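**Student:** Sharing a structure with you now.
The values are calculated or read from the model by the stated rules, or taken from the named source; none is laboratory data. These numbers come from a predicted model, not from an experiment. Here the Cβ positions follow ideal geometry from the backbone for every residue, glycine too, while neighbour counts run over all protein chains shown. When the accessible area is computed, the model is the full protein with side chains, heavy atoms only, and any ligands, DNA or RNA have been set aside. Shrake-Rupley method; radii C 1.70, N 1.55, O 1.52, S 1.80 Å.
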Amino acid sequence: MSANTAMKDSFYKKRILLLFGSPHHVGSTFRLVMQFLDQFEDHTYLLEQYNLFEMDLLPCTDCGNCQHGLCCLNHIDYYEEIIEAIQRADLIVLASPVYCGGFPAPVKAMMDRAQQFYVNKFAGRARTFPQRKKGILLMTGGNCGEKLQEYLSIPTKMFFDCINTEYCGKAIIGNLDNKLSFEADFSHIFDKISDI
């Protein structure tokens, strides 16, 4: 699934970018995303979504080119599309399953490539994302205890910092090996994103 943009931008109050990091189109992570989006009134947001498993993103190799500008890989794969989508977004939703206590490889590749913006910021160049945004983390997994949830928040916060985004919370649903359904509580998130 590549970018899906609906109707005229001016019709919507919020621009939501979904960075979807599951290989399953209709699984636990998808259900969690839908529960989150159901909290919004109909027609109050424009949703742009990217399925990271379908984008063949190249990983960061620490080549050093971002010391002199943006990553040279941006023009080889689809990362430039993600950059442009981030620039348009008001709210960024990073949605992913938990793999071996961390993020799946396509999600991690996307997060690592954001280092280019961190390097550019401290090199004194014009910021790629001058407008401050808000971001949240949605994750699902078989075993996601409190310590793992805090651990997963660390790379998320660092990724969001690279793209000038305020981390506004998480909804991580664990123990999915032992239950068929779940209902997530997003109240703590909506308290922080109500002004977008």
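**Student:** Sorted by average packing, counted as other Cβ atoms within 10 angstrom per residue and highest first, what order do 177-187, 78-88, 57-67 take?
**Tutor:** Packing order, densest peptide first, comes out as 78-88, 57-67, 177-187.
**Student:** Please report the carbon-and-sulfur percent of the accessible area for the chain; probe 1.4 Å, protein heavy atoms only, DNA, RNA and ligands left out.
**Tutor:** 51 percent
**Student:** Over the Cα atoms of the chain, what radius of gyration and what Dmax do you get, in Å?
**Tutor:** Cα radius of gyration and Dmax of the chain are 16.4, 50 Å respectively.
**Student:** Given that compact globular proteins tend to follow 2.2 N^0.38 Å, what is the ratio of the alpha-carbon Rg of the range 79-171 to that value?
**Tutor:** 1.09
**Student:** Okay, moving on. Using only alpha carbons, build the gyration tensor for the range 35-110 and give me the equivalent ellipsoid semi-axes, biggest first, whole Å.
**Tutor:** 27, 17, 10
**Student:** Please give me the summed charge of the neighbours of PHE40: other residues whose Cβ is under 11 Å from its Cβ, Lys and Arg +1, Asp and Glu -1.
**Tutor:** After counting each charged neighbour, the total is -1.
**Student:** Can you find, among ALA85, HIS68, SER22, the residue sitting farthest towards the positive end of the charge dipole of the chain, where Lys and Arg contribute +1 and Asp and Glu -1 at Cβ?
**Tutor:** HIS68
**Student:** Can you list residues from other chains, or at least 5 along the same chain, whose modelled amide H is less than 5 Å from the amide H of GLY169?
**Tutor:** Residues meeting the criterion, in which the H sits 1.01 Å from N, are LEU137.
**Student:** Which of the aspartates and glutamates could a cross-linker span from LYS192 if the Cα-Cα distance has to be under 12 Å and same-chain partners fewer than 8 positions apart are dropped?
**Tutor:** Result set, ordered by chain and number: GLU166.
**Student:** A follow-up question, please. Express in Å², to the nearest 10, the accessible area of TYR151 obtained by rolling a 1.4 Å probe over the protein heavy atoms while all chains stay in place.
**Tutor:** 120 Å²
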